[in-house]
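Read through the structure below, which is laid out as structure tokens, and then see the notes.
The values are calculated or read from the model by the stated rules, or taken from the named source; none is laboratory data. Keep in mind the model is a prediction, meaning the values are calculated, not measured. Ideal geometry is used to build each Cβ from the backbone, glycine not excepted, and the neighbour counts take in all protein chains shown. Please note that ligands, DNA and RNA were not included when accessible areas were found on the heavy atoms of the full protein model with its side chains. Shrake-Rupley method; radii C 1.70, N 1.55, O 1.52, S 1.80 Å.
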Amino acid sequence: MSAPIASKPFFAPTRSCVYTVLVAVMVVTLILSNIGASKGVTIWEIPLDGGFFLFPLAYIVGDVLSEVYGFKASRLAVITTFALSIFTALCYWMIITLPPAPWYDGQEALARTLGVVPIIVAASLLAFVIGQLSNAWLMVKLKNRNGEKKLFGRIALSTLLGEFLDTLTFCAIAATAIGINTFQVFLQYLFVGFVFKSIVEIIISPVTIFVINKIKRHERKAVAPTV
């Protein structure tokens, strides 16, 4: 007996304007996160950076792209975000390098905010690519196996994998640049970062599910006349 139509995996075409908007949101989120990373903050004695509140949005968008449009579409979005983030970093470097006018007194503040240490930029971008692609791969893999069912399980498991690899990659590359000089401190930083991000992601999963279902309904209606 064939599976019910509702349980079969549905992937919308990327020609939708919604897909374009989601990619734009992912790009802006990562660029703002890298700017926020230049400021250290402490919340409930937990050391974080100024862009910490943006990472849930990045993973919500990543989950939506994977669930609604599939792995290839998600991979294209991640690669596009990666390329534009590198372009942004190069623009920052050019802006900072240009000689300031005699009346301009913000050079030092500009360089401190936008002139992020290259190794941290590299760590952030590589962690983003590895985390998002692994998140997308597992989410689509589980969806192909279970169809439209068990959405929360897909989000939770893919988040755990993506966040772990994201955090591990960033910490492994940028540890010395951010002042981590012992293996014990490295493990603490890795554990706290992974657990904190994962808990937040799972807590906001109802929001992710709501957004996914809304976009799925919209995309199903958009393709219905051609089916």
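Things to note:
- Restricting LEU98, LEU30 to residues that are surrounded by fewer than 19 Cβ atoms within 10 Å (Cβ to Cβ) and either of a type in the set (D, E, K, R) or on the phi < 0 side of the Ramachandran plot (or both) narrows the list to LEU98.
- Search result, residues across the stretch 1-27 that are at pLDDT 85 or above, open to solvent by 40 Å² or more (accessible area, probe 1.4 Å) and assigned to a helix (DSSP H, G or I): CYS17, THR20, VAL21, ALA24, VAL25
- Which listed residue, of ARG112, ARG145, is farther than 19 Å from ARG75 by Cα, of a type in the set (D, E, K, R), without any contact (Cβ under 8 Å) to a residue 40 or more places away in the chain and part of a helix (DSSP H, G or I): ARG145
- Evaluation of TRP44 against (1) surrounded by 14 or more Cβ atoms within 10 Å (Cβ to Cβ); (2) at positive phi (one fails), failing number: (1)
- The C-beta contact set for the stretch 167-179 (first residue outside any helix (DSSP H, G or I), second residue modelled with pLDDT of 80 or more and crowded, with 20+ Cβ neighbours inside 10 Å, distance under 9 angstrom, 6+ apart or interchain) comprises ALA175/ALA123.
- Checking PRO102 against (1) touching a Ser or Thr at 6+ places or on another chain (Cβ under 7 Å); (2) assigned to a loop (DSSP other than H, G, I, E, B), the condition it does not meet: (1)
- Any hit, the stretch 55-75, residues being farther than 20 Å from ARG154 by Cα, outside any strand (DSSP E or B) and under 12 Å from the mean Cα position of the chain (by Cα): no
- When LYS214, LYS197, LYS149, LYS143 are checked against the criterion of being of a type in the set (D, E, K, R) and at pLDDT 90 or above, LYS214 stands alone in meeting it.
- Residue satisfying condition, being of a type outside the set (D, E, K, R), in a helix (DSSP H, G or I) and modelled with pLDDT of 85 or more, within set LEU187, LEU157: LEU157
- The number of residues in the stretch 188-219 being within 16 Å of PHE11 (Cβ to Cβ) and surrounded by fewer than 13 Cβ atoms within 10 Å (Cβ to Cβ) comes to 1.
- Enumeration of residues in the stretch 128-142 that are surrounded by fewer than 21 Cβ atoms within 10 Å (Cβ to Cβ) and either under 10 Å from the mean Cα position of the chain (by Cα) or closer than 17 Å to VAL61 by Cβ (or both): VAL129, ILE130, LEU133, SER134, TRP137, LEU138
The rows are residues; the columns are (1) at pLDDT 90 or above; (2) loosely packed, with under 15 Cβ neighbours inside 10 Å; (3) of a type in the set (Val, Ile, Thr).
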site: PRO56; (1), (2), (3): no, no, no
site: LEU65; (1), (2), (3): yes, no, no
site: GLY70; (1), (2), (3): yes, no, no
site: LEU76; (1), (2), (3): yes, no, no
site: ILE79; (1), (2), (3): yes, yes, yes
site: ALA83; (1), (2), (3): yes, yes, no
site: ALA89; (1), (2), (3): no, no, no
site: TYR92; (1), (2), (3): no, no, no
